[in-house]
1. Let a ≥ b ≥ c be the square roots of the eigenvalues of the Cα gyration tensor of the range 81-176; is it rounded (a/c under 1.5), or, if not, prolate (a/b larger than b/c) or oblate?
2. How many angstrom lie between the Cα centre of the range 45-68 and the Cα centre of the range 182-245?
3. Please state the shape class of the range 190-311: rounded when a/c is under 1.5, otherwise prolate if a/b exceeds b/c and oblate if not, all from the C-alpha gyration tensor.
4. So how do 41, 83 line up by other beta-carbon neighbours within 10 Å, fewest first?
5. Could you please state, rounded to a whole Å, how far the C-alpha centre of the range 252-318 is from the C-alpha centre of the range 85-105?
6. Can you tell me the orientation of helix 13-27 relative to the chain, as the angle in degrees between its alpha-carbon axis and the longest Cα principal axis, to the nearest 10?
7. Once the piece of chain linking residue 104 and residue 218 is laid out straight, how much longer is it, given 0.36 nm per residue of separation minus the C-alpha distance between them?
8. Most fluctuating residue of 221, 163, 71 in a GNM of the chain with Cα springs under 10 Å: which is it?
């Protein structure tokens with residue numbers, strides 16, 4: 001494949017959320033921002049500066065924040081609640097289940113510092129289980145964008161969507177390679193590269209690694225199709241099945257626990273519709289640990305080199 005995607009400069013995806021929230025706030029006066037003492041960490045600074053009357057500082061009280069957001073949503077507003085992924089999912093799961101998902105309230109859960117690429121803060125602040133938790137809730141949309149531009153576009157799309165949304169992003173600066181003017185469509189997979197020998201389904205930070213893996217595979221005579229699964233729920237099952245049938249071999253790559261993640265989801269869809277050899281790139285069934293994002297990606301096997309090896313295994317199983 002020709003070099004189709006260029007890193008236009010590393011940016012953190014949490015800043016993409018901040019930019020998207022600000023644009024959504026300018027466009028729609030119903031947008032409200034709320035956080036648990038983490039304005040800077042979730043990049044709400046610009047929104048707070050220009051729309052202070054639409055910002056609620058909840059303090060370190062995530063459960064109360066969820067309940068308040070549900071109430072605000074019932075008045076016709078569009079609240080975005082922002083915190084670390086670990087704190088805004090596991091710590092307040094009951095409140096999300098009862099007050100957001102069960103009531104299908106129009107709350108947007110903005111989840112920063114997700115996965116192990118939070119880095120040096122270690123296992124207590126990292127989360128590799130959040131997608132499983134959110135995906136299990138009926139009616140909850142789950143979005144895991146891959147770079148700054150896509151996160152910005154996904155945030156704007158989430159504001160326009162009627163219903164609960166879980167939006168996942170991270171702290172480290174990562175390549176920014178998708179189109180600046182893109183229109184994000186919830187529930188649609190995005191083909192990043194056409195291929196014929198193996199499909200790499202990737203989400204979040206692993207999309208860039210999958211693109212690099214496809215280039216390395218091409219050099220070895222293996223044609224890899226790369227599909228960006230930015231929306232994990234609802235999954236674009238039609239695109240998943242079509243690509244798997246086309247190539248006959250699949251790799252699923254994600255910065256998440258093996259249990260309840262994208263890999264298990266796609267495996268289930270293919271088992272029912274198009275049984276296909278499949279290999280998994282994920283954090284296995286492990287907690288995180290302290291280290292730089294790059295070190296942890298390598299230790300947990302979440303880089304391009306490991307995707308290349310997984311693709312070769314999948315192809316060999318045809």
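1. Values: a/c = 2.40, a/b = 1.23, b/c = 1.95.
Oblate shape, in that a/c is at least 1.5 and b/c is the bigger or equal ratio.
2. The distance from the Cα centre of the range 45-68 to that of the range 182-245 comes to 36 Å.
3. Numbers: a/c = 1.89, a/b = 1.24, b/c = 1.52.
Cα axes put the range 190-311 in the oblate bin.
4. Details: 41 16, 83 27.
The most exposed by this proxy come first: 41, 83.
5. Measuring centre to centre over Cα atoms gives 27 Å.
6. It works out to around 50 degrees.
7. On the way: separation 114, 0.36 × 114 = 41.04 nm, distance 4.52 nm.
Length gained between residue 104 and residue 218: 36.5 nm.
8. 221
Values quoted throughout were computed directly from the atomic coordinates according to the rules given, and no laboratory measurement underlies them. Note that the structure is a prediction, hence the values are computed from the model and not measured. Here Cβ is always computed from backbone atoms with ideal geometry, including for glycine, and neighbour counts include all displayed protein chains.
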